[in-house]
1. If contacts are Cα pairs under 8 angstrom and at least 6 residues apart, what is the relative contact order of region 254-354 in percent?
2. Give the Rg/Rh ratio for region 20-125, taking Rg as the radius of gyration of the Cα atoms and Rh as the Kirkwood radius, to two decimals.
3. Have a look at 165, 111, 319 and tell me which one the Gaussian network model of the chain (Cα, springs below 10 Å) gives the largest fluctuation.
4. Would you mind checking the radius of gyration and Dmax of the chain based on alpha-carbon positions, in Å?
5. How big is region 243-378 in terms of Cα radius of gyration and Dmax, in angstroms?
6. What number does region 103-196 give for Rg over Rh if you use C-alpha atoms and the Kirkwood radius?
7. I'd like the distance between the alpha-carbon centres of region 146-183 and region 38-75, rounded to an integer number of Å.
8. Taking region 167-306 as the region of interest, what is the percent of Cα-Cα pairs per 10 angstrom bin, listed from the shortest bin to the one with the maximum distance?
Ligand SMILES: [Fe+2]
């Protein structure tokens, strides 16, 4: 639901329907494009909308508080003061071209709420991360981690438990398009591990890690430079599909980034990876695969596309042999795994599912067998990315699952709390906001 947040508010009690699990205390934060319309102008594509962050805080004793705020970035406040758009396609054409030439971008923070070392950030992939106050959700400012982040920081950091380090990348356009890879250790200084040339100016939204490697797939979406420089049309029209290029896979060893390897495989599109692990000389990569880039336009205009499905790709690092096969027949996206198992072999992954026959669902899929456990929501309730909350001492890797849902009938939103081992039973609790919240893309739990 791409609508504005109608009532921003700080933490206040949520109505709890059902029973919250005893002892689960912490906060779910999620960000999304929550200000799609300002100054009488509706953005044609949600990626351009100003951001909103929501939070649901569980006290561990059956109670919960909720909050939702507009992300008041420097650019947002500048526009509020001016009473008009100064950035993006809402600004006059001349100003837009000047913005491009001067490298001026509004950091909307509209894609991912991310927690690191107990700090809260919201991320938009073209910019540096924005730190927020975790209790008031107020903007504290952009951060570059002591200069490690050059210009961009993707909305998809991943943590490798064995290395006690989170990793992320930024895509930097220029004469040569570069992928900057960052290491953000639990303890110690964040640093730039290396910068890697892309074969073309593409669109790399997510990456995936194993215990020893970062893996990037530069799909054949190619930036139309003149169109982007002249700011013609909305930004989804700045990328063309060039399947003849195939996909470029760049594999970077954490221990020796200079020994990065490159491979070319058949063309496809991926927004999000599920997980990856190593099996001898092979990399095994689970991801949500699309036939092409049509989803970029459909996010703005709602046009129909061939839906994505869960695939398992296997890449032999010695020979470059690549094969990819579908693992589950239903359409699914917004994959998450329990963060304790990122980069390692683990059977369970959680997804948002959607298909014409069954409507929406939240699914736990066994990525080895394709067996699935699904909470079916029908067409009237729309869930969001399922966020796992690890259970202490849980040996099965079946965490609690939190998902922000929009109920069309009441036009209100709630956070569903589900047992990750029994999704089909439906939520054990629903935490109701007294309004509909805007759609969110990605978030994190901090306990
Ligand atoms: Fe994403």
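Just so it is clear, none of the values below were taken in a lab; they were calculated from the coordinates. Small disclaimer: the values here were computed from a predicted structure and weren't measured. So basically every Cβ, Gly included, is an ideal-geometry build from the backbone, and we count neighbours across all protein chains shown.
1. 25 percent
2. The Rg/Rh ratio comes out at 1.10.
3. 319
4. Radius of gyration, then largest Cα-Cα span, for the chain: 20.8, 59 Å.
5. Just the Cα atoms of region 243-378 yield Rg and Dmax of 15.8, 49 Å.
6. Rounded to two decimals, Rg/Rh equals 0.96.
7. Cα centroid of region 146-183 versus Cα centroid of region 38-75: 24 Å apart.
8. 11, 39, 34, 14, 2
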